[in-house]
């Protein structure tokens, strides 16, 4: 199998359709709004483009055949057993989103660029974890610096609405009424206003013993690192904030990924 291929959005969806994929998770419909006649002509253009890239062959009789390794790479994504969404937001910078797809023992990363969609074969779960965690360049927080607290969603919304104010004292006071000390309140406010690094991973497993959704959300500011856990089903929906050290954060991420790969026995930390 190739280690990397680059496809336009339409090439990607065309190959997925040839592989009988019902949908392509995380990728928008590049053919949206096109008439049937336009699509028919575009499919011919896509075949020519794929042949020029060396991803397919066209016989003299017009028979179009995709290379097997290209089909294998796209099939992992289009007919995946596991879909992984990673959102990273460095403070005050645009959000970055990476998509990963797993099928059997294979994992492929999909990233967008000016050249199209790059599909990269990862080196197993070790490669997946290393790539996901490479931006977690956070200094170790002092244990106990932040307080573990549970804040109702309505309080968080109220604090976020006041984010434009230069005076944070009122927001700190509101959070203090929910059990925060000043340092913890400032860390939460920093996260709500986008001034903290934000890191979230959501893994959806389709079928099998591990079927379900696994996730982790982290914010890291000068005041420390919080893990955020939504709480529903109680009298008030809320978010639990638990303080972590940098080492704890990486371990929590590794444990979450390990739990989504129950058959994976190798050490990934």
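The values are calculated or read from the model by the stated rules, or taken from the named source; none is laboratory data. If you're wondering where the values come from, they're calculated on a predicted model, not measured in any experiment. Cβ sites come from the backbone with ideal geometry, for glycine too, and all protein chains shown count toward neighbours.
Scanning the range 133-150 for residues that are modelled with pLDDT of 85 or more and out of contact with any strand residue (DSSP E or B) (no Cβ under 8 Å at 6 or more places or on another chain) turns up just one, 133.
Can you confirm whether the range 151-159 contains a residue that is at pLDDT 90 or above and in a strand (DSSP E or B)? Checked against the condition, which is being at pLDDT 90 or above and in a strand (DSSP E or B), the range 151-159 yields at least one hit.
Residues satisfying the criterion are absent from the range 38-51 (criterion: assigned to a loop (DSSP other than H, G, I, E, B) and surrounded by fewer than 18 Cβ atoms within 10 Å (Cβ to Cβ)). Can you pull out the residues in the range 96-107 that are touching a residue at least 60 places away in the same chain (Cβ under 8 Å) and farther than 14 Å from residue 202 by Cβ? Answer for the range 96-107, where residues must be touching a residue at least 60 places away in the same chain (Cβ under 8 Å) and farther than 14 Å from residue 202 by Cβ: just 106. So is residue 1 assigned to a helix (DSSP H, G or I) and either in contact with a helix residue (DSSP H, G or I) (Cβ under 7 Å, 6 or more places away or on another chain) or without any contact (Cβ under 8 Å) to a residue 60 or more places away in the chain (or both) or not? No; evaluated as a whole, the condition is false for this residue.
Suppose the filter is buried (at least 16 other Cβ atoms within 10 Å of the Cβ), in contact (Cβ under 8 Å) with a residue 24 or more places away in the chain and under 15 Å from the mean Cα position of the chain (by Cα); does residue 66 pass it?
Against the criterion (buried (at least 16 other Cβ atoms within 10 Å of the Cβ), in contact (Cβ under 8 Å) with a residue 24 or more places away in the chain and under 15 Å from the mean Cα position of the chain (by Cα)), residue 66 does not qualify.
For residue 74, state whether it is more than 18 Å from residue 6 (Cβ to Cβ), surrounded by 15 or more Cβ atoms within 10 Å (Cβ to Cβ) and under 19 Å from the mean Cα position of the chain (by Cα). Criteria not met by residue 74.
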